[in-house]
Structure formats: C-alpha cells, structure tokens
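*Asks:* Sharing a structure, written as structure tokens. Questions coming.
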Amino acid sequence: MRLPVADLTLTRRQALKVLGAAGAVALGGCAAQQGSTAGQGAASAAGQDAGQGADQGDALADTDAGSDEPAAAPEPAPTTAEKLLASMTLEQKVAQMLFVTPEQLAGVELATKAGPLTQAGMADLPVGGVIYFSQNIKGDQQLRDMLSGTVKFSRASGVGIPVFTATDEEGGSLVARVANSGFFDVEHFSNMWWIGQEGDPTRAAYVGNSIGFYLRDIGFTLDFAPVADVLTNPSNPVIGHRSFSSDPQVCAEMVAAEVQAMLATGMLPCAKHFPGHGDTRGDSHTGAVYSCRTADELHECEYLPFQAAVEAGCPFIMVGHIQTPNAAGDGLPATLSHIMIAEALRGRLGFTGVVISDSMSMGAISQNFEVGDAAARFVEAGGDMVLMSPDPWAARDGIIEAVTSGRLTEDRINESVARIIAAKQAAGLVEA
C-alpha cells in the first residue's frame with residue numbers, strides 16, 4: 001500500500017465562480033491554495049444595489065439581460081510563496097538558497113548552542129537551512145534546545161522564514177549522527193546494504209518510519225537520506241555499504257519505500273548523490289571523481305533509484321560532484337552541469353523539487369572553482385540550494401553579482417526560492 005506523500009509541485013488550483021456556476025480552473029504558481037474573496041465582494045455589492053430601489057433594480061436587470069459579455073473572472077488570490085517573494089529583497093532571496101553549518105553561522109570553531117552569535121549571524125545572513133554533525137551533539141536536551149533556538153532566531157530574521165534543520169541520518173554504523181551519538185534512546189539499524197540484502201521493501205520503509213519519527217521529535221525537518229547510489233564498484237571508497245544494493249532495481253524499491261515512509265512521518269527526505277556515486281573510483285571530498293557511464297547506461301542503472309525517489313514524491317535530491325565524460329562530456333562536475341541537472345534530473349527524470357548540492361567545501365569544487373563563481377554556476381545549471389560553501393557570504397555575493405550582470409535573472413532566483421518555500425510548507429515551517 002502506497003503511503004501518502006507530500007505534494008511539492010509548484011501549482012495551485014483556485015476555484016473561480018463565473019455567472020453563478022462553480023468552475024475549477026488550474027492556475028500556475030506554488031502549492032498553497034487560497035480562496036478568493038472577490039466573489040463575496042461582488043455579491044455584497046449586488047445586494048446593496050438591489051436595496052436602492054425597484055426602478056434601479058429593473059434597469060440593471062434590463063441592462064444585464066441585454067448584455068452578451070461574460071462577467072470578468074476575479075483575480076486569483078496570491079499564494080503564500082508569491083506574497084513572501086514580493087516582500088523579499090534579492091539579498092534575502094539568495095540567502096534562502098544557502099545551507100550552512102552552525103559554525104559558519106556563529107563564526108566559531110565548534111557550535112553546541114544557539115546563542116547571541118547564532119542570532120547575529122542569522123540576522124546578517126538569513127539562510128535557508130542549517131546542517132548539524134556529530135560534533136554538534138552533546139546531549140539530548142542540548143540538541144533540542146540548539147535546534148529550536150536556531151529556528152526561533154530565523155523566524156525573527158529576514159522576512160521571518162524558518163530554516164530547515166538537517167542532518168545525515170542514513171542509519172547503520174557508518175552515517176547516523178543521532179543514533180550513533182549515544183545520547184538518544186532510538187533504534188539502531190544495520191547498514192543499508194544488509195537491509196537491501198533482505199529483499200523486502202517493508203524493511204526499508206520501517207527504517208524510514210523510525211528515523212523520520214525520532215528526527216522530527218528532536219526538532220529536525222530534513223534528513224539527507226536515503227542513499228540512492230547503486231554500488232556497482234565494490235572498491236568504491238565513499239559509498240560502500242551505505243548503498244542498498246548493487247542491483248539498481250533493488251535500490252529503486254528500497255529508496256521508494258524509505259522515501260514514502262519518511263514523508264508519512266512529516267520528515268523531508270533527500271535522495272543522494274545524483275547522478276550516482278556507486279560507480280566512481282575516487283572521493284569527491286579530496287578531488288575530482290568520474291563515472292565512465294554513458295547517458296544510456298546511467299539511465300538503465302544509476303538513474304533508476306532516483307527515478308523511483310521522484311515518483312515517490314521525494315522533495316529533495318542532492319547532486320554530487322561527479323564528472324560524467326561519456327554522458328555530459330562538458331568537463332564539469334554534475335553540480336555545475338546544466339546537462340546533468342536541467343536536462344537529465346529535471347528534464348529526463350521529471351524532478352520538480354529542490355535540488356541541493358553536495359558540500360561545496362569538498363575538494364572537487366573548492367580546488368577548482370572560486371567560491372562565488374561555483375555558487376552561480378550551480379544555480380545556472382538548475383540548482384536551488386548551495387550546501388556548505390566555504391564562504392557563504394561570498395557564495396551569496398557571487399549569485400547576486402550573476403543577477404546584476406545579467407548572467408542570471410531574478411525570475412530564475414524566484415523559481416528556486418518558490419521551490420524552497422513549497423518544501424518548507426510541506427514540513428510545516430511555513431503556513432500553507
């Protein structure tokens with residue numbers, strides 16, 4: 001049975017009343033639905049006219065009866081995203097596209113609380129998200145207070161849009177910041193490889209359900225999981241048993257089940273690392289990595305779990321710093337490649353949610369691209385949120401400079417921010 005999933009498409013349906021008949025009309029925009037009060041105003045005005053006298057009413061009736069012109073449809077009410085975008089400066093919009101560590105926000109070596117430094121950092125740069133690692137977890141209540149405090153400060157900054165609070169909680173012994181901290185009484189799982197070996201998607205769903213519930217209870221709203229990489233290279237130094245399987249179909253079934261189950265808890269999942277890190281022979285943390293697959297080979301193998309995640313309603317997909325010389329052939333890591341993000345992920349796979357980069361501090365990017373240029377290139381390629389730039393302020397300025405120079409348009413920025421707001425509505429951070 002398919003569990004309910006969040007709807008993050010950027011459309012809304014507005015019921016319009018024309019000449020007394022209820023007609024549903026599909027309109028472009030973001031996910032929020034709001035009823036128009038224009039029809040009520042028209043009815044009130046008509047009632048006042050009728051009360052002014054029978055003769056005037058008869059004249060109006062005659063005029064209406066003789067008119068062949070249909071009544072003009074009322075303007076649809078603006079969505080929450082449209083209202084927020086209209087109230088935001090370009091700087092505030094671009095800040096929403098940044099995902100930082102608490103240390104970057106507070107300007108300290110190690111952050112374990114949300115205090116005045118976090119508050120000042122958020123006021124200066126009202127970012128869209130904050131990611132937490134094992135070093136930030138020193139206790140149960142400490143983490144809860146840190147998360148709630150950061151969200152509180154974000155509500156008081158910029159235009160009052162709360163941040164995503166995120167972590168990497170894949171499950172297993174390799175990457176599970178909360179479960180492996182020792183401070184929380186939560187269920188521990190085998191690495192996802194062994195979940196996949198069982199061949200039962202309900203096991204992956206159980207993992208997603210359990211992790212989603214305990215992360216949400218603590219105060220997280222986004223989990224950078226599940227891993228959707230197919231482990232086709234057993235000597236891969238990065239993915240290993242974080243992957244569900246070397247079989248793309250098994251991976252697809254497990255990823256879809258975990259995504260659906262996590263969404264049902266109210267937690268937002270993020271499938272990673274597109275276009276697939278399981279075939280690579282390097283580590284993008286330290287330098288450039290390559291996948292030698294052709295576009296067709298990627299579509300037949302690596303893309304299958306990501307396609308399953310898209311169809312399951314996954315609101316986020318993380319793009320890795322993986323060069324694909326036989327698929328894209330543009331000499332760029334996927335994070336900066338229009339071919340891989342705009343054409344493959346959005347076009348071929350039909351993904352309409354939030355595209356987030358892998359950490360832009362990794363060597364594959366930081367050793368080869370200037371900070372501001374890398375951020376602008378990512379947005380040009382079709383990305384929405386820049387994760388862990390080495391200098392978030394420089395990343396912001398790089399994107400703004402790209403807009404002021406005409407390299408990017410503000411409409412392109414609005415597209416990304418609208419997707420981010422839609423995801424925050426799905427997480428309950430922004431009123432729908």
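The values are calculated or read from the model by the stated rules, or taken from the named source; none is laboratory data. Here the structure is a predicted model, which is why all the values come from computation and not from measurement. Positions of Cβ are backbone-derived with ideal geometry, glycine not excepted, and every protein chain shown enters the neighbour counts.
*Asks:* Pick out the one residue from 402, 364 that is surrounded by 16 or more Cβ atoms within 10 Å (Cβ to Cβ) and at pLDDT below 95.
*Replies:* On the way: 402 fails: at pLDDT below 95.
Of 402, 364, the one residue that is surrounded by 16 or more Cβ atoms within 10 Å (Cβ to Cβ) and at pLDDT below 95 is 364.
*Asks:* Where in region 319-420 are the helices (runs of 4 or more DSSP H), entirely inside, with at least 3 residues that are under 30 Å from residue 432 (Cβ atoms)? It would help to see each step written out before you state the result.
*Replies:* Details: elements: 363-366, 371-381, 392-404.
Those helices (runs of 4 or more DSSP H) span 371-381, 392-404.
*Asks:* Can I ask one more? So residue 178 clears everything in (1) more than 25 Å from residue 88 (Cα to Cα); (2) surrounded by fewer than 20 Cβ atoms within 10 Å (Cβ to Cβ) except one condition, right? Which one?
*Replies:* (2)
*Asks:* Give me the helices (runs of 4 or more DSSP H) completely within region 187-306, filtered to those with at least 3 residues that are surrounded by fewer than 24 Cβ atoms within 10 Å (Cβ to Cβ) and among the aromatic types (Phe, Trp, Tyr), ordered by residue number. Let's see the steps before the verdict.
*Replies:* Values: elements: 192-197, 201-218, 248-264, 295-300.
Those helices (runs of 4 or more DSSP H) span 201-218.
*Asks:* Only residues in region 260-275 that are in contact (Cβ under 8 Å) with a residue 40 or more places away in the chain and farther than 15 Å from residue 351 by Cβ count as the first member; pair them with residues that are among the β-branched types (Val, Ile, Thr) and in a helix (DSSP H, G or I), Cβ under 8 angstrom, at least 6 apart or cross-chain, and list the lot.
*Replies:* 261/207; 262/211; 267/211
*Asks:* Can you name every residue in region 113-150 that is surrounded by fewer than 21 Cβ atoms within 10 Å (Cβ to Cβ) and under 18 Å from residue 224 (Cβ atoms)?
*Replies:* 133, 134, 135
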